[in-house]
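Everything below concerns the one structure shown next.
The values are calculated or read from the model by the stated rules, or taken from the named source; none is laboratory data. Keep in mind it's a predicted model, so treat the numbers as computed, not measured. Here the Cβ positions follow ideal geometry from the backbone for every residue, glycine too, while neighbour counts run over all protein chains shown. These area figures cover heavy atoms from the full protein model, side chains too; ligands, DNA and RNA do not enter into them. Shrake-Rupley method; radii C 1.70, N 1.55, O 1.52, S 1.80 Å.
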Amino acid sequence: GAVVSQHPSWVICKSGTSVKIECRSLDFQATTMFWYRQFPKQSLMLMATSNEGSKATYEQGVEKDKFLINHASLTLSTLTVTSAHPEDSSFYICSARDGTGLETQYFGPGTRLLVL
Amino acid sequence: GQNIDQPTEMTATEGAIVQINCTYQTSGFNGLFWYQQHAGEAPTFLSYNVLDGLEEKGRFSSFLSRSKGYSYLLLKELQMKDSASYLCAVRDGDYKLSFGAGTTVTVRA
């Protein structure tokens, strides 16, 4: 099956700093990538949809200036959490749409962010 | 918007069968997915239904009734490694997935 990677898998940072998370589709081209956030014992909440070469579409309630998304190529999307605060601590997961067949979304392994 | 309901927890014995139900009310429907998620890990794809009926993949089967807004995931011959959270997700016309809260399945020896 399709493989999606994320980097880093873990990050601990001080309040006020910015953190960049990378999401890569390793063996397929992903015209669309999605970014989710998951708090403990809760389900995945879609934050934004990222399309290659265009601006991301954010879900209601998600601050686009705080969560910067760049989808510069068909295999890479980045999420930057700007001026992170403790309430941003969460599990961030990306997925990539394979664009063929079932149009299944394949998920990356996730990035656990802890803001002190 | 999407409203997706599934039970919070289920417990079953190793070797048994468990059925996880999912009901949904959606503004657009373009398929229903089931994912498995172990604690601290990302979800992994289990099954996909877009037409009514049963899809079988080894020990896992998934059923869909679009008219009833209902799906179930059937896990047979349960193994200890099947202990995980199972997420029901509905896809809309823009290929966005909306997830239910997940059902935590605990398999006991």
* Structure fact -> Note: among B:78, B:97, B:87, just one is open to solvent by less than 40 Å² (accessible area, probe 1.4 Å), at pLDDT 95 or above and within 14 Å of residue A:105 (Cβ to Cβ), namely B:87
* With respect to residue B:66, is the statement that it is open to solvent by 10 Å² or more (accessible area, probe 1.4 Å) and in contact with a Phe, Trp or Tyr (Cβ under 9 Å, 6 or more places away or on another chain) true? -> yes
* **Candidate set from segment B:41-63 (those that are touching a Phe, Trp or Tyr at 6+ places or on another chain (Cβ under 8 Å) and exposed (fewer than 15 other Cβ atoms within 10 Å of the Cβ)); member that is nearest to the other protein chains (Cβ to nearest Cβ)** => B:44
* To do: Please give the number of the condition residue A:114 fails out of (1) surrounded by fewer than 15 Cβ atoms within 10 Å (Cβ to Cβ); (2) in contact (Cβ under 8 Å) with a residue 60 or more places away in the chain; (3) not in a strand (DSSP E or B).
  => (3)
* **Criterion (open to solvent by 50 Å² or more (accessible area, probe 1.4 Å) and in a strand (DSSP E or B)) met by exactly one of A:20, A:64, A:55** => A:20
* Asked: What pairs can you find where one residue is in segment B:17-42 and among the small types (Gly, Ala, Ser), the other is exposed (fewer than 13 other Cβ atoms within 10 Å of the Cβ), and their Cβ atoms are less than 7 Å apart, with a gap of 6+ or different chains?
  -> B:27/B:1; B:28/B:93
* Asked: Before we move on, is residue B:108 at pLDDT below 95 and more than 17 Å from residue B:41 (Cβ to Cβ)?
  -> no
* residue A:76: among the aliphatic types (A, V, I, L, M), in contact with a Cys (Cβ under 8 Å, 6 or more places away or on another chain) and at pLDDT 95 or above, yes or no? -> no
* Structure fact -> Among (1) β-branched (Val, Ile, Thr); (2) under 11 Å from the mean Cα position of the chain (by Cα); (3) away from chain B (no Cβ under 11 Å), residue A:111 falls short only on (3)
* Contacts under 6 angstrom Cβ, first residue in segment A:67-79 being farther than 9 Å from residue A:24 by Cβ, partner polar (S, T, N, Q) and outside any strand (DSSP E or B), 6 or more apart -> A:74/A:29
* Structure fact -> Considering segment A:84-102, residues that are in a loop (DSSP other than H, G, I, E, B) and touching a Phe, Trp or Tyr at 6+ places or on another chain (Cβ under 6 Å), and then whichever is modelled with the lowest pLDDT, we arrive at A:102
* **Selection count where residues are in contact with a Lys or Arg (Cβ under 9 Å, 6 or more places away or on another chain) and surrounded by 16 or more Cβ atoms within 10 Å (Cβ to Cβ), scope segment B:30-40** => 3
* **Filtered residues of segment B:27-40 (kept if within 9 Å of chain A (Cβ to nearest Cβ) and more than 15 Å from residue B:92 (Cβ to Cβ))** => B:35, B:37, B:40
* Answer yes if at least one residue in segment B:72-88 is within 30 Å of residue A:51 (Cα to Cα), within 10 Å of the chain's Cα centre (by Cα), assigned to a loop (DSSP other than H, G, I, E, B) and at the interface with another protein chain (Cβ under 9 Å from one of its Cβ atoms), and no otherwise. => no
* Is it true that some residue in segment A:40-47 is open to solvent by less than 50 Å² (accessible area, probe 1.4 Å), among the aliphatic types (A, V, I, L, M) and more than 12 Å from every other protein chain (Cβ to nearest Cβ)? -> no
